[in-house]
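One structure is given here, and the rest of the page talks about it.
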Amino acid sequence: VTGNGGEKLEFTKVLKVEKIPTIVIDAGHGGKDPGARGVLNGSYVYEKVYVLQFALALEAELKAAGYNTIMTRNNDTFIELNERARIANAAHADLFFSIHHDYNSNPSSKGAFLIYPSTKVTSISESTLKESVDVASAIKQSFIAMGFQDRRNGTDSSISGHTLAVLR
């Protein structure tokens with residue numbers, strides 16, 4: 001991962017598992033949905049391009065570490081939100097990462113934040129919600145340890161629950 005100052009950062013975490021987890025990697029947007037638009041070196045750039053590059057790199061790293069991975073898209077195609085969730089559910093995925101590069105009108109804005117399902121979603125068990133919070137908190141702390149800023153300027157409790165389609 002490239003850090004805020006352009007330096008290369010590595011994330012290492014050792015996990016003991018009873019089975020090899022299946023991780024679905026969702027490169028947000030794609031095809032007709034470009035996502036956020038920004039300017040880099042005088043040219044327009046689109047979120048869908050960078051999230052796909054990041055998702056493919058994440059997939060390669062996870063596969064190299066021995067995980068089962070499934071991509072919701074591996075090229076510039078549009079996948080409906082309910083189809084992205086269906087892919088994860090059909091695979092009985094253990095983790096679902098939806099990668100996005102949010103827009104902010106402040107050019108000095110930087111950092112990372114994670115979103116997990118809201119407690120308002122009644123179709124998700126309490127144990128799944130707790131696991132989601134635990135995973136999001138661990139990943140967020142790893143990002144901060146690597147030098148990323150906390151975009152929400154707070155503790156793990158600032159990782160907000162949401163009711164996004166891919167989280168239900």
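The values are calculated or read from the model by the stated rules, or taken from the named source; none is laboratory data. Computed from a predicted model, the values in this text were never measured in an experiment. Because the Cβ atoms are built from the backbone with ideal geometry, glycine has one as well, and the counts that use them run over all protein chains shown. Surface areas here come from the heavy atoms of the whole protein model, side chains and all, with no ligands, DNA or RNA. Shrake-Rupley method; radii C 1.70, N 1.55, O 1.52, S 1.80 Å.
A few comments on the model shown:
- A search for C-beta distances below 9 Å between a residue of segment 121-132 that is among the hydrophobic types (A, V, I, L, M, F, W, C) and any residue that is assigned to a loop (DSSP other than H, G, I, E, B), counting only pairs 6+ apart in sequence or on different chains, returns Val121/Thr163; Val121/Arg168; Ile124/Ser118; Ile124/Arg168; Leu129/Ser118; Leu129/Thr119; Leu129/Val121.
- Filtering segment 15-48 to residues that are open to solvent by less than 30 Å² (accessible area, probe 1.4 Å), on the phi > 0 side of the Ramachandran plot and in a loop (DSSP other than H, G, I, E, B) leaves Gly31, Gly35.
- For Glu10, the test of being charged (D, E, K, R), under 20 Å from Leu114 (Cα atoms) and exposed (fewer than 13 other Cβ atoms within 10 Å of the Cβ) is passed.
- Residue match in segment 29-46 (condition: under 21 Å from Asn106 (Cβ atoms) and touching a His at 6+ places or on another chain (Cβ under 7 Å)): yes
- The residue of segment 1-24 that is farthest from Asn106 (Cα to Cα), among those that are of a type in the set (Lys, Arg) and without any contact (Cβ under 8 Å) to a residue 40 or more places away in the chain, is Lys19.
- Segment 62-73, residues that are of a type outside the set (Lys, Arg) and under 17 Å from Ala90 (Cβ atoms): Asn68, Thr69, Ile70, Met71, Thr72
- Of the residues making up segment 66-110, those that are in contact with a Lys or Arg (Cβ under 6 Å, 6 or more places away or on another chain) and either part of a helix (DSSP H, G or I) or farther than 22 Å from Val133 by Cα (or both) are Thr72, Phe78, Ile79.
- Residue among Ile70, Ile87 that is closer than 22 Å to Lys13 by Cα and either among the hydrophobic types (A, V, I, L, M, F, W, C) or open to solvent by less than 50 Å² (accessible area, probe 1.4 Å) (or both): Ile70
- Any pair with Cβ under 7 angstrom, 6 or more apart, that starts in segment 25-45 at a residue that is acidic (Asp, Glu) and ends at one that is surrounded by 10 or more Cβ atoms within 10 Å (Cβ to Cβ) and assigned to a strand (DSSP E or B): Asp26/Phe96; Asp26/Phe97; Asp26/Ser98; Asp26/Ile99
- Annotation: of all residues in segment 50-65 being of a type in the set (D, E, K, R) and either open to solvent by 50 Å² or more (accessible area, probe 1.4 Å) or in a loop (DSSP other than H, G, I, E, B) (or both), the one that is modelled with the lowest pLDDT is Glu61.
- Checking each residue in segment 90-106 for being surrounded by fewer than 17 Cβ atoms within 10 Å (Cβ to Cβ) and over 16 Å from His29 (Cα atoms) picks out Ala90, Ala91, His92, Asn104, Ser105, Asn106.
- The single residue among Ala65, Ala145, Ala138 that is over 29 Å from Val45 (Cβ atoms), of a type in the set (Gly, Ala, Ser) and free of Cβ contacts under 8 Å to residues at least 12 places away in the same chain turns out to be Ala65.
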